[in-house]
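Q: Can you keep this structure in mind? I'll have questions shortly.
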Amino acid sequence: MEPEEEARIRIAAAVGVGPFTTRRLLQKLGTATAIVGSDVSALADALGADGRGGGRVAESLHRAMAAVEPGAIAQRAAAAGARLLFLEDRDFPAMLRPLDDAPAYLWCRGTVPGDEDAEGHAARRAWLAIVGSRHAGPRALLAARRVAEMTGSAGAVIVSGGARGVDAAAHRGACAATGCTTVVLGTGIDIAYPPEHAALFREIVAAGGCLLSEFPPGTPARPGHFPRRNRIVAGLSHAVLVIQAREHSGALITARLATEAYGREVMVLAGPGDEPAWRGGLRLVQRGEAMLVLDAADVAEALRRETAVHRGGPSPAELFSLGPAAAQVESLLLAHGPLTAASVAARLDLSGAEIAQAITLLEISKRLRRDGPRLIGLPG
């Protein structure tokens, strides 16, 4: 193991060495090797900690890093197919870099979506977090899957926490579309939580998505981990969509972090206000802390607007790409004028699901509008 790799593992696995402390030490000392090789006095100076209290903090950090067993942790990470990313690494998620409370490091399994497409061309990706109840009903689960599949097919990266319910439905929808989904775990990178999602996580990695965790391999699920997980979900995303959340739920923590700490757009999918399971998200709308959306097209419009703020105004075509089915539908509408969906289906050798998805993508991209039952193609 290279010295810098070993030092990074010592820092990332040391109890009490949090992201702010790590970033400050890296700014002052330059490398992980320099941090681990520093004595207590040098660590205290780098932290700007003077007096007996500061000395005790530096001594505690020094002792915690020395107690780590890098070899054992590296073996667990390797067995899981995971690697350790630090903030300055090229693969570290770009959306997190500017945040004041950004993690200094992340354990990663799979491929972190970048800003290049498969051919290496610039691709301005939109990142959408979908969060909600672990005990979601059929309506919420279907909505989460559909929104993820539609926006994922259009090029967005779907982010969630890998939990039961809405999280899992969103990840599965993204996998069905492009596989480009990111799971942020509240456990070590090698631990599936909940356990029944082990197969889903393997599917996500195999499809080109990734798992991320701030916690070292072997770390079990603990209640205090999930608010830390939620801040990464919020920070990674241009916008957050809440689907079915009770008042005081974890999904609302993510939503509040998104809007209050990071200035992200928060959306709430419309649902029955007389059902407690939906009331938490609707309260956000009532208080003016989120916008109400009705379907995937509303979500995509808000996501496009929010991404434009962060990326300098990309066009719809840059954010949402059309597949072959959508291209066929668009060509047909432009050539033959307004048609109903049934007329489109009769003229093209496409399944009903492919046509429905194509129509949604064209609406998202502002290349189609509806006039009652008729679909009108708009030149791109």
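Q: Could you tell me which of the residues 104, 122, 74, 79 is loosely packed, with under 15 Cβ neighbours inside 10 Å and either modelled with pLDDT of 90 or more or touching a Phe, Trp or Tyr at 6+ places or on another chain (Cβ under 7 Å) (or both)?
A: Just one listed residue meets the conditions, 79.
Q: Same structure again: How do the pairs read when you match residues in segment 285-301 that are within 24 Å of residue 155 (Cβ to Cβ) and in contact (Cβ under 8 Å) with a residue 12 or more places away in the chain with residues anywhere that are of a type in the set (Ser, Thr, Tyr) and outside any strand (DSSP E or B), using Cβ under 6 Å and keeping only pairs 6 or more apart or on different chains?
A: 296/360; 300/151
Q: Are any residues in segment 145-177 in contact with a strand residue (DSSP E or B) (Cβ under 9 Å, 6 or more places away or on another chain), of a type in the set (S, T, N, Q) and over 26 Å from residue 216 (Cα atoms), and if so, which ones?
A: Matches in segment 145-177: 151 only.
Q: Please verify whether segment 47-65 includes one or more residues that are buried (at least 16 other Cβ atoms within 10 Å of the Cβ), under 32 Å from the mean Cα position of the chain (by Cα), modelled with pLDDT of 90 or more and not hydrophobic (A, V, I, L, M, F, W, C).
A: no
Residue by residue, here is whether (1) within 21 Å of residue 111 (Cα to Cα); (2) among the β-branched types (Val, Ile, Thr); (3) touching a residue at least 40 places away in the same chain (Cβ under 8 Å) holds:
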| position | (1), (2), (3) |
| --- | --- |
| 193 | yes, no, no |
| 203 | yes, no, no |
| 214 | yes, no, yes |
| 223 | no, no, no |
| 229 | yes, no, yes |
| 234 | yes, no, yes |
| 238 | yes, no, yes |
| 244 | no, no, yes |
| 248 | no, no, no |
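Q: Right, something else. Just checking, which of 136, 140 is aliphatic (A, V, I, L, M), over 25 Å from residue 102 (Cβ atoms) and assigned to a helix (DSSP H, G or I)?
A: Testing whether each residue is aliphatic (A, V, I, L, M), over 25 Å from residue 102 (Cβ atoms) and assigned to a helix (DSSP H, G or I) leaves just 140.
Q: Return only the number of the condition from (1) surrounded by fewer than 16 Cβ atoms within 10 Å (Cβ to Cβ); (2) of a type outside the set (Asp, Glu); (3) closer than 22 Å to residue 305 by Cα; (4) touching a residue at least 12 places away in the same chain (Cβ under 8 Å) that residue 369 does not satisfy.
A: Looking at each condition in turn, residue 369 falls short on (4).
The values are calculated or read from the model by the stated rules, or taken from the named source; none is laboratory data. For clarity, every value in this text was computed on a predicted model and none was experimentally measured. Cβ: placed from backbone, ideal geometry, glycine included. Neighbour counts: every protein chain shown.
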